[in-house]
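Only one structure is covered here, and it is reproduced in the block below.
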Amino acid sequence: MTATTSPSPETSPNPDASPTASPEPLEPGQAWSLGAEAPEESVQAAEGLKEAVASKSETAGSVLEGLDKIAFEIGDMRISMLDGLVVVGIILLVLTIAWFASRASRALLRRFTSLDDTQHLLAEKITTILIWGAAFFLGIDLLGIDLTALAVFSGAFGLAIGFGLQKTFGNLIAGIILLMDKSIKPGDVIAVTDMAGNESFGQIRKIGIRAVSVTTRDQREYLIPNENLMINQVENWSYSSRNVRMQVPVGVSYAADLEKAEELMLEAAKMSERVLKSPPPTVWMSEYGDSSVNFVIQCWINDPEEGVGNVRSQVLKNLWTKFHEHDIEIPFPQRDINLRNNDQVERLIAALAAREENRSKN
């Protein structure tokens, strides 16, 4: 009789049990097990640089390996000191390349003598925008950043531009449009108004990305947003012509020889160096005033950026000398007071006369 023995639970095979893989031993210098998922490298350029340097020099490779071991993890992302150094180096490299490329493009554009100042400035701005845009995408490519991963960020950035930066981009586009249609360009003289409502004039020195720089005769510099000059009314003294007519008001006595006075006014205007010979200065009678006959001397100049007050002052000084030489009176306001017969006035006069008499006796 043969005895049969059943397999013990310890030795009986279990068909449902799956074999468990034993963890593989770590290689020297390996930071994680092959069975576990490795942390994601944040900067692919750093890993490529480390491999390239290690293949050329073992010493330099070990140095980079040591920098790469100094790291910290944020979720599934691992950031090492090597990553930080590579990012800073790439940013500095891209900024340097873009800066030198911008300067080179400006120097190259200045050689095109067929372009005027406005076209030069417009070409420089467009070229600068293209260079810095290319530098941005070059930096993204060198860092190995996947642009598809920035889809959410780009959407948020678009909303930020739409709400927070719309004025900035509006001024940028407005500046480019102003340069394209040449309605306002560097060197033009425009009228400006300060916060107190006082109107003055100034010369455009620079059209920047955000604002236009306007310098007045007293060296006050106004920064006017490009968008304001585009949507508001602007008084440009040198848009189509640099000739500007200025007016010098003058009054003479009613007893003066008006024809002689007009002749002297014309001579005084022609004596000023900045007054143009063509069109010639003219004299108009404007009104019969309370104390004088009022005239207006019309003078033309072609350099308004040099000021108009100094020309008016020179004309008036010349006219003062001419009037004194020919006995032409420049009147000042006078008032005649007529006292009618009145008992109170007569008593006041009598009292004043009596007081004066008593003083003379004493």
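The values are calculated or read from the model by the stated rules, or taken from the named source; none is laboratory data. The structure displayed is predicted, hence computed values, not measured ones. Counting neighbours? That spans all protein chains shown, and the Cβs are built from the backbone with ideal geometry, glycine included.
Laid out as a table, the results:
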{"item": "Qualifying residue in segment 182-197 (condition: under 13 Å from the mean Cα position of the chain (by Cα), surrounded by 18 or more Cβ atoms within 10 Å (Cβ to Cβ) and part of a strand (DSSP E or B))", "result": "no"}
{"item": "Test: Q298 is surrounded by fewer than 17 Cβ atoms within 10 Å (Cβ to Cβ) and under 30 Å from Y239 (Cβ atoms)", "result": "yes"}
{"item": "Filter pass, Q314 being on the phi < 0 side of the Ramachandran plot and loosely packed, with under 15 Cβ neighbours inside 10 Å", "result": "no"}
{"item": "Residue in segment 270-283 that is β-branched (V, I, T) and free of Cβ contacts under 8 Å to residues at least 12 places away in the same chain present", "result": "no"}
{"item": "Residue ID - farthest from G289 (Cα to Cα), chosen from residues in segment 330-362 that are of a type in the set (K, R) and not in a helix (DSSP H, G or I)", "result": "R340"}
{"item": "Output for segment 254-283, where each listed residue is surrounded by 14 or more Cβ atoms within 10 Å (Cβ to Cβ) and among the polar types (S, T, N, Q)", "result": "S272, T282"}
{"item": "Matching residues, segment 246-260, being among the small types (G, A, S) and either part of a strand (DSSP E or B) or within 23 Å of L276 (Cα to Cα) (or both)", "result": "G251"}
{"item": "Any chance Y222 is among the aromatic types (F, W, Y), out of contact with any helix residue (DSSP H, G or I) (no Cβ under 6 Å at 6 or more places or on another chain) and either more than 30 Å from Q166 (Cβ to Cβ) or assigned to a strand (DSSP E or B) (or both)", "result": "yes"}
{"item": "Residue satisfying condition, being under 23 Å from V192 (Cβ atoms) and in a helix (DSSP H, G or I), within set S313, S241", "result": "S313"}
{"item": "Single condition D327 does not satisfy, out of (1) part of a loop (DSSP other than H, G, I, E, B); (2) among the charged types (D, E, K, R); (3) surrounded by 13 or more Cβ atoms within 10 Å (Cβ to Cβ)", "result": "(3)"}
{"item": "Some residue of segment 93-110 being in a helix (DSSP H, G or I), at pLDDT below 80, closer than 30 Å to D188 by Cα and touching a Lys or Arg at 6+ places or on another chain (Cβ under 6 Å)", "result": "no"}
{"item": "Any hit, segment 311-332, residues being among the polar types (S, T, N, Q) and touching a Gly at 6+ places or on another chain (Cβ under 9 Å)", "result": "no"}
{"item": "Residue tally, condition free of Cβ contacts under 8 Å to residues at least 60 places away in the same chain and assigned to a helix (DSSP H, G or I), over segment 290-310", "result": "2"}
{"item": "Criterion: assigned to a helix (DSSP H, G or I), in the same structural domain as V248 (by TED's automatic domain parsing) and modelled with pLDDT of 90 or more - qualifying residue of E263, E287", "result": "E263"}
{"item": "Qualifying residue in segment 230-242 (condition: under 26 Å from K167 (Cα atoms) and aromatic (F, W, Y))", "result": "no"}
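Table: residues versus (1) over 30 Å from T215 (Cα atoms); (2) outside the structural domain of R274 (by TED's automatic domain parsing); (3) modelled with pLDDT under 90.
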residue: F295; (1), (2), (3): yes, no, no
residue: W300; (1), (2), (3): no, no, no
residue: V308; (1), (2), (3): no, no, yes
residue: R312; (1), (2), (3): no, no, no
residue: K317; (1), (2), (3): no, no, no
residue: P331; (1), (2), (3): yes, yes, yes
residue: Q334; (1), (2), (3): yes, yes, yes
residue: N338; (1), (2), (3): yes, yes, yes
residue: V345; (1), (2), (3): yes, yes, yes
